[in-house]
Amino acid sequence: MSPRAAWRLEALEFHEVYDYTAGKADWLAAGLPVDGPGSGTPRVVDAIARDVPTCRPSESVADVGGRTRSAGWDLCVVVNERKIVQGRLRLDRIDAAPPDTVETVMEPGPATVRADADLASTTERMQRRGTTSLLVTTPDGELLGALVLPAS
């Protein structure tokens, strides 16, 4: 919203008014709600699973493996204290891993997509590449969830 509009809202006695200077593209990429023209186009954020398991790099592989299995997932996203994606730990890597830390067996820098990406083209690209899941992050790298394709 422009500063002028923010001032107008304050004059109308709205108390929590902010001027979002990063812009609309950043807002959309962060998966925040939208309204108006074009808001009906399905975006990746509309189809993500937000309950993807997470862990820290310093955690025990054995502990993470147990949590991941009990949650019914085949991967765990490695994040820092601010939920910034650091890596990915696949269940098959957990099963084969010695009882060590996640950091020693994680895949650093996994592929991610922004929340505002077109859902149809993203799933089509995943199918062409044989990918079953894709992490969804904000522009700052904060985990929002995972786009998971149904098993075929």
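Mind checking the full-extension length gain between Asp74 and Ser58? Use 0.36 nm per residue of separation minus the Cα-Cα distance, one decimal, nm.
Working: separation 16, 0.36 × 16 = 5.76 nm, distance 1.96 nm.
3.8 nm is the gain from fully extending Asp74 to Ser58.
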Exercise. Restricting to segment 44-148, compute how many DSSP beta bridges are antiparallel as a %, nearest 5.
Key: 75 percent
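Calculate, for Arg8 and Glu142, the FRET efficiency according to 1/(1 + (r/R0)^6) with r their C-beta to C-beta distance and R0 25 Å; round to the nearest 0.05.
Values: r = 31 Å, r/R0 = 1.25.
FRET efficiency, Arg8 to Glu142: 0.20.
Test of understanding: ordering Ile84, Ile48 by Cβ neighbours within 10 Å, fewest first, what list do you get? Numbers along the way, then the final one.
Values: Ile84 14, Ile48 21.
Ordered by Cβ neighbours within 10 Å, fewest first: Ile84, Ile48.
Exposure proxy check: Cys76, Cys55 ranked by fewest other beta carbons within 10 Å? Show your work: numbers first, answer last.
On the way: Cys76 27, Cys55 24.
Result, fewest neighbours first: Cys55, Cys76.
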Self-check item: Förster radius 22 Å - calculated FRET efficiency between Thr101 and Thr132 (Cβ-Cβ, nearest 0.05)
Solution: 0.25
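Tell me, what does the Kirkwood hydrodynamic radius of segment 44-148 come to in angstroms if you use every pair of distinct C-alpha atoms? Display every interim value, and only then the final one.
Values: mean 1/r = 0.0722 Å⁻¹.
Result for segment 44-148 stands at 13.9 Å.
Values in this text are rule-based calculations from the coordinates and carry no lab data. Remember, it's a predicted structure, so these values are computed and weren't measured experimentally. Cβ atoms come from the backbone with ideal geometry, glycine included; neighbour counts cover every protein chain shown.
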